[in-house]
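To start, the structure itself, in structure tokens.
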Amino acid sequence: MVRNVSIVMNGVTGRMGTRQHLVRSVLAIREQGGVMLPGGEVVVPDPILVGRNEKKLRSLTEAHGIERWSTDLDESLADPEVEIYFDSQTTTRRTEAVRVAIEAGKHVYCEKPTATSLDEALEISHLARERGVKNGVVQDKLFLPGLLKLKRLVDGGFFGRILSVRGEFGYWVFDGDGRPAQRPSWNYREEDGGGILLDMLCHWRYVLDNLFGEVESVSCLGATHVPERWDENNEPYEATADDAAYATFELAGGVVAHINSSWCVRVNRDELFELQVDGTQGSAVAGLRDCKIQHGKNTPKAVWNPDLPDTNDYRSQWLGVPQDYDSDNAFKIQWEMYLRHVLAGEPFPYDLLEGAKGAQLAELGLWSWRERRWLEVPALETSRMPEKESGHA
Ligand SMILES: NC(=O)c1ccc[n+]([C@@H]2O[C@H](COP(=O)([O-])OP(=O)(O)OC[C@H]3O[C@@H](n4cnc5c(N)ncnc54)[C@H](O)[C@@H]3O)[C@@H](O)[C@H]2O)c1
């Protein structure tokens, strides 16, 4: 049996909304015929696009053969046929819209950060629990092929005792003077929810928590390296938000993690994000897609002698981890899980409380930078409120 599920999608005229959530997830799921539930029922997502700009919505719906769209969020949410609200608006708009959707009794799924402050992030998490709606946050990096390979190595005990995790994320974002910037200008304005710290620390929270141990403390230095940029209309503006973050974390179990995030670095890596993990028995470097390893027994003897050319070709001494399955889009994998969660009650650990942990780490990172000191990361909630029975299937 096939069942259509109406989903209000807000913010899908944006970068993430169009490419990852609409085209590569929801429409791709429709094209493959839907998502199979354990009982054999097939669920087909049916999007209703919501936004401010009628022209953009029309051209998006026409380009993809989507029938329903609206510029009125309240009206869309008042439709009893709608079961799910999805939000990929700019960050400052998220909490309010998610709150309205929860109040309307809809299940909610949204981009990260779920809010610009921990208080607001917790507020929508609590509200969703109180109202008994199923809720989720995008944690796409967990489903990238490179990080899935890394997780398999961790779970298989490849590393022995993990000592450290060191990450490099970033690339050069043009300032917009001459060559257009490849990121929206709100990213560089604090008052509009911008800043790389808020953007990336919520990713690092779930990556570190899920792979290596809960983040227990943080020390972070931010910077606004490029103080003036040019916006979408070619007008100069002041960059009021940070464009680089240099963060160190202590994890449960004693692992030390350090991740640099920057929109002001030129890439001399294999991928735009790389994570090196060193353990007593072996090491790995994972990117978005690939992962390579060096076992302890295979480790060359490195000797410091700058007077002579090094005889080791270090890069060639690593082995690739094979890709033995077809990888799907990371956002789509999570969408399918969320749909099975809503419609068949399958587990979905990536809820708004997990989202709040991301907002918490970003807030503490900013605080650490301001005060130039280490901060503990308190546990958010240990005794979770029981989930109420939802009025939905
Ligand atoms: N998971 C990831 O890897 C990832 C990557 C990038 C961005 N994001 C998150 O996704 C969200 C969107 O980022 P983006 O890069 O797609 O931004 P974007 O600027 O390309 O898109 C933002 C969307 O919000 C809408 N919007 C903007 N101002 C609005 C207003 N005043 N009222 C109503 N709608 C408004 C826009 O029309 C657009 O649809 C952000 O919260 C960001 O943190 C996540």
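Expressed as a rounded percentage, what relative contact order does the chain have, with Cα pairs under 8 Å and six or more residues apart?
Details: 789 pairs, mean separation 82.0, N = 393.
Averaging sequence separation for qualifying contacts and normalising by length gives 21 percent for the chain.
Between Arg93 and Glu81, 0.36 nm times their residue separation minus their Cα-Cα distance comes to what? Kindly include the intermediate steps, with their values, before the conclusion.
Values: separation 12, 0.36 × 12 = 4.32 nm, distance 2.42 nm.
Additional length available on full extension: 1.9 nm.
To the nearest 10 square angstrom, how much accessible area does Tyr314 have with a 1.4 angstrom probe?
My reading of the accessible area for Tyr314 is about 90 Å².
So how much slack lies between Leu308 and Arg15, counting 0.36 nm per residue of separation and subtracting their Cα-Cα distance, in nm?
Values: separation 293, 0.36 × 293 = 105.48 nm, distance 4.93 nm.
Stretched fully, the Leu308-Arg15 segment lengthens by 100.6 nm.
Compute the accessible area per residue over the chain, keeping the other protein chains in place, probe 1.4 Å, unit Å².
48
With springs only between Cα atoms under 10 Å apart, run a GNM on the chain and tell me which of Leu251, Leu380, Leu142 wobbles the most.
Greatest mean-square fluctuation among the candidates belongs to Leu380.
Please compute the contact order of region 162-310 in relative form: average sequence separation of alpha-carbon pairs under 8 Å and at least six residues apart, divided by the residue count, as a percent.
Values: 293 pairs, mean separation 45.4, N = 149.
Value for region 162-310: 30 percent.
Could I have the simple spin-label model distance between Glu216 and Tyr246, label points 7 Å from Cα toward Cβ, reported in nm to one decimal?
Inter-label distance under the simple model: 2.5 nm.
Could you compute the FRET efficiency for Asn234 and Val267, with r as their C-beta to C-beta distance and R0 at 41 Å, rounded to 0.05?
Working: r = 26 Å, r/R0 = 0.63.
The formula returns an efficiency of 0.95 here.
Which of these, Thr248, Thr71, Thr311, has the largest mean-square fluctuation under a Gaussian network model of the chain (Cα springs below 10 Å)?
Per the Cα network of the chain with a 10 Å cutoff, Thr311 tops the list.
Do any GluC sites (Glu not before Pro) in region 8-67 lie in a loop, going by DSSP, with at most 16 other beta-carbon atoms within 10 Å of their beta carbon, and if so which? Don't skip to the answer; put the middle values down first.
On the way: sites: Glu31, Glu41, Glu54, Glu62, Glu67; in loops: Glu41, Glu67.
Counting only loop positions with at most 16 other Cβ atoms within 10 Å, the GluC sites (Glu not before Pro) in region 8-67 are Glu41, Glu67.
Hey, what number do you get for the chain at 222 nm if only DSSP H runs of n ≥ 4 count, each worth -39500 (n - 2.57), divided across all residues, to the nearest 500? Provide the component values of the computation, followed by the final result.
Numbers: 9 runs with 107 residues, N = 393.
For the chain, the value works out to -8500 deg cm²/dmol.
What are the residues whose amide H is under 5 Å from the amide H of Arg68, where those residues sit 5 or more places off or on another chain and H is modelled from the backbone?
Hits under the 5 Å cutoff: Leu49.
Using 0.36 nm per residue, how much length does the chain from Val42 to Glu190 gain when fully extended, once their Cα-Cα distance is taken away? Present the calculation step by step, with values, prior to reporting the outcome.
Values: separation 148, 0.36 × 148 = 53.28 nm, distance 4.32 nm.
Extra length from Val42 to Glu190 when fully extended: 49.0 nm.
Taking only Cα atoms, what is the 0 to 90° angle, nearest 10, from helix 145-155's long axis to the longest principal axis of the chain?
For 145-155 against the chain, the angle is about 70 degrees.
Which loop-located GluC sites (Glu not before Pro) does region 233-334 contain, where loop means any DSSP state but H, G, I, E or B and the Cβ has at most 12 other Cβ atoms within 10 Å? Walk me through the intermediate numbers first.
Numbers: sites: Glu238, Glu250, Glu271, Glu274; in loops: Glu271.
For GluC sites (Glu not before Pro) across region 233-334 that sit outside H, G, I, E and B with at most 12 neighbouring Cβ atoms in 10 Å, the list is empty.
Along the three principal axes, how long is the chain when you take its alpha carbons, biggest first, rounded to the nearest angstrom?
Over the chain, Cα extents along the principal axes are 73, 54, 42 Å.
Can you classify region 1-128 as rounded, prolate or oblate using the Cα gyration tensor, where a ≥ b ≥ c are the square roots of its eigenvalues, rounded means a/c under 1.5, and otherwise it's prolate if a/b beats b/c and oblate if not?
Details: a/c = 1.67, a/b = 1.24, b/c = 1.35.
Verdict is oblate for region 1-128.
Could you grab the relative contact order for region 81-125? Cα pairs under 8 Å, six or more apart, rounded to a whole percent. Before the final figure, lay out the partial values.
Numbers: 48 pairs, mean separation 19.4, N = 45.
Worked out over region 81-125, it gives 43 percent.
Going Cα to Cα from Lys332, which lysines come in below 22 Å? Please leave out same-chain ones fewer than 8 positions away.
Answer for Lys332, where 22 Å is the Cα cut-off: Lys106, Lys112, Lys134, Lys141, Lys149, Lys151, listed by chain and number.
The values are calculated or read from the model by the stated rules, or taken from the named source; none is laboratory data. A quick note: this is a predicted structure, and the numbers were derived from the prediction, not measured. So basically every Cβ, Gly included, is an ideal-geometry build from the backbone, and we count neighbours across all protein chains shown. Only protein heavy atoms, including side chains, enter the accessible area calculation; ligands, DNA and RNA are left aside. Shrake-Rupley method; radii C 1.70, N 1.55, O 1.52, S 1.80 Å.
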